[in-house]
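**Student:** Please find one structure pasted underneath; my questions will follow.
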Amino acid sequence: MILNYIQKIVQEQQDRGANPLYIRSAVKEYLQIIVLNFIYTSKEYKANLIFTGGTCLRHLFGIDRLSEDLDFDTIKSISPEAFAEKIAIFFKSTLKYPDLNITIKQQGKQLLLKFPILRKINMAGPNESEMLYIKIDISPKVGKCYKLIKTSKSEFGYNFVAVHYDLPSLFAGKVSAILQRNLLTGVENRQTIKGRDFYDLLWYLKKGIQLNFSFLKERVESPNMTIEELNILVEGKVTQACTTFKNDFKNDLLPFISNQGFVVDYVDNYLEEFKRFNIII
């Protein structure tokens, strides 16, 4: 059943002329919904896992980019081993898909879901990996100055109600990621950025979302920060993203936006567009 639906997604995207990286992300989006359905129809997890990050923006607030990872904050600690086992059982018993393999990484803070499907859907050659990966990142909840809300979701035949932060609190999480994320790439551990962070940042700004500043200060452990200081810090990060890491910015967005020409123009214009806004509280 799952493979049939995935093949339908692939064919639809190919008919639209989407590039292979984008098609993989579209398949991941379908699998993300299945995992979210499992979590938020489970008595054990639905009240404990707070959906957050860019994928939350995508599925619950309609941001116009695909996403990759599922990010959750936990109200109470969970066993990653039990969580992984129950996801695997759900795919095997309920969905009749026995081929999912799950690895626990980063000392229990991440589950890596491995779907051996890329050759079956003609998205990988004989010498390429057949694995499609979805990461589930799990972090303990930080701070107290946040607001949780619930939103219903119906897609691909699945229906659930997700627990997540409100937009001002999600905005705080995104800004804290921009300020604190230490991302390395390649065998040489070269410093890089996640372009999606900056795409989401401009989305928040253009929507006029007010920042939950108290929550941000808790997350970055800077209780005396002023909004003026914050705007200076964020502009510095944006300038760096648009200069030093400009190619990384573009390359990170390409799998998640169907129009590759738009990505190039978007990044080229980003700094100018960003400077029209200030973070508001």
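**Student:** Is it the case that region 157-179 has a residue that's free of Cβ contacts under 8 Å to residues at least 24 places away in the same chain, surrounded by fewer than 19 Cβ atoms within 10 Å (Cβ to Cβ) and closer than 30 Å to Met1 by Cβ?
**Tutor:** Yes; the residues of region 157-179 include at least one that is free of Cβ contacts under 8 Å to residues at least 24 places away in the same chain, surrounded by fewer than 19 Cβ atoms within 10 Å (Cβ to Cβ) and closer than 30 Å to Met1 by Cβ.
**Student:** Sticking with this structure for a sec: For the subset of region 94-146 comprising residues that are in a strand (DSSP E or B) and polar (S, T, N, Q), which member is nearest to Val10 (Cα to Cα)?
**Tutor:** Residues of region 94-146 that are in a strand (DSSP E or B), as a first pass: 101-105, 110-116, 131-140.
Within this subset, residues satisfying the condition of being polar (S, T, N, Q) are 101, 103, 110, 139.
Numbers: Asn101: 22, Thr103: 26, Gln110: 27, Ser139: 32 Å.
Going through the qualifying residues, I end up with Asn101.
**Student:** Quick check: is even one residue across region 230-237 aliphatic (A, V, I, L, M), touching a Pro at 6+ places or on another chain (Cβ under 9 Å) and assigned by TED's automatic domain parsing to the domain that holds Phe262?
**Tutor:** Of the residues in region 230-237, the ones aliphatic (A, V, I, L, M) are 230, 232-234.
Those left that are additionally touching a Pro at 6+ places or on another chain (Cβ under 9 Å): none.
Checked against the condition, which is being aliphatic (A, V, I, L, M), touching a Pro at 6+ places or on another chain (Cβ under 9 Å) and assigned by TED's automatic domain parsing to the domain that holds Phe262, region 230-237 yields no hits at all.
**Student:** Next question, about the same structure. In this structure, does Ile63 turn out to be in contact with a helix residue (DSSP H, G or I) (Cβ under 7 Å, 6 or more places away or on another chain), in contact (Cβ under 8 Å) with a residue 60 or more places away in the chain and closer than 20 Å to Tyr165 by Cβ?
**Tutor:** Working: in contact with a helix residue (DSSP H, G or I) (Cβ under 7 Å, 6 or more places away or on another chain): yes; in contact (Cβ under 8 Å) with a residue 60 or more places away in the chain: yes; closer than 20 Å to Tyr165 by Cβ: yes.
Yes, satisfied.
The values are calculated or read from the model by the stated rules, or taken from the named source; none is laboratory data. Being a predicted model, the structure only gives us computed values, none of them experimental. For neighbour counting, all protein chains shown are included, and Cβ atoms are generated from backbone atoms with ideal geometry for every residue, glycine included.
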